[in-house]
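K.L.:
Supplied in structure tokens, the structure appears directly below.
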Amino acid sequence: MIASTISLIFFEHAALLWLLPLAFLPWLPSARRGQASYAALRWVARDRSSRWLERLLRTCASLGFGALVIALAAPRLPESASETVVRGAEIVVLLDRSLSMDQPFGKPSNAVLDLHGTTKAQVAQRLLALFARERASDLFGLVLFSTLPLPVLPFTNNQDAIQAAIGATATSRALADTDVGLGLLAAARYFDGRPYSGSRVIVLISDGGAQLDPVARERITDAFVRNRISLYWMYIRSRFGPGLPAANEPESPADDAIPERALHRFFLSLKTPYRVYQAEDAEALQHAIDDLSRVESTPLQLRTLHPGADLRRSPLAVALAAIGLLACASLWTIRPWQGS
């Protein structure tokens, strides 16, 4: 079911409409009327067709000027909103753009200090693009973070906009610091004030590398519980990083000194669903994508704004026709005889 609303026409430059009264200038008495002199005016026969032609040309001049003023005022219809119901999920992707994401991805090769190859940022970009394509019915939002969060894309299901935003994520150098706490809070704010329809997900794509203080942990927990958000962490492991503990590996107090393990332990303590995927190679990445593609889809009410139609074409066509007629009449006009 689609519902749309259309309002009245509005003008982007409405102040120009004050020039419309100038369209009556062609109807004012002409100073050139008395330049033609005849021996006796009563001998000049009445020419009714000329009078109508004169009125037509004056009307064309008024229409041409008025239409140009209206076109310059830029008339358009206001934006309209349509609401549709689709099946999907509301997903905010939180992408790490700290300096560590520019390091090589994957397990080290034969050379101990082999620092060449695909970076973690490039892997994250490819992963995100594939994930978005497989979830074409979802609403996606995108937030980058390093020192501070940077909201990039509001909720949309426009794949062109989503892919363009993803394609721009790895085009510049990253910043040194990582504040995943501010990033998580910024992503959670995407759901503030939105009616709950189910399947709210934040997908964190990061290599960890950050510690959270108690205040940040409490704020994140409250935000996730309040908005009923599930967290999926795509952990992109560094070549020489310790990685996350295995499922059967016992906890160790030393884990608190390793940022990614401390972050994982905090996520496990959240009161909302949490899953983690450790991406070490292409096979692990594909498994993560396949698993994320099975995120529950529920009915979503999608509100789409459509830009208002530009209405300048019609007044410009009227102005062109009127000015063209005046130009033709000017070429065919016989100049008045000037008496001695």
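Bear in mind these aren't lab numbers, they're just calculated from the coordinates by the rules spelled out. Predicted model only: the values in this text are computed from it and were never measured. Virtual Cβ from ideal backbone geometry, glycine too; neighbours counted across all protein chains shown.
K.L.:
List the residues, sorted by chain then number, that are 5 or more residues from residue 144 or on another chain and whose placed amide H is less than 5 Å from its amide H.
P.N.:
For residue 144, whose amide H was placed from the backbone, the distant partners under 5 Å are 95, 150, 152.
K.L.:
Here is a further query. Determine, from the Cβ-Cβ distance of residue 80 and residue 217 and an R0 of 56 Å, the FRET efficiency 1/(1 + (r/R0)^6), rounded to the nearest 0.05.
P.N.:
That pair, residue 80 with residue 217, gives E of 0.80.
K.L.:
In what order do 293, 230 fall by count of nearby beta-carbon atoms within 10 Å, going from fewest to most?
P.N.:
293, 230
K.L.:
Cβ under 12 Å from residue 309's Cβ, residue 309 left aside: what net charge do those residues give with Lys, Arg +1 and Asp, Glu -1?
P.N.:
+1
K.L.:
Could you list the residues of segment 134-163 with an amide nitrogen less than 13 Å from a label point located 7 Å from the Cα of residue 226 in the Cα-to-C-beta direction?
P.N.:
none
K.L.:
Another question, if that's okay. Could you calculate the FRET efficiency of residue 136 with residue 327 from 1/(1 + (r/R0)^6), where r is the beta carbon distance between them and R0 is 41 Å, rounded to 0.05? Numbers along the way, then the final one.
P.N.:
Numbers: r = 54 Å, r/R0 = 1.31.
Approximately 0.15, to the nearest 0.05.
K.L.:
How much length is gained if the chain between residue 46 and residue 20 is pulled fully straight, taking 0.36 nm per residue apart and subtracting their Cα-Cα distance, in nm to one decimal?
P.N.:
Residue separation times 0.36 nm, minus the Cα-Cα distance, leaves 6.0 nm.
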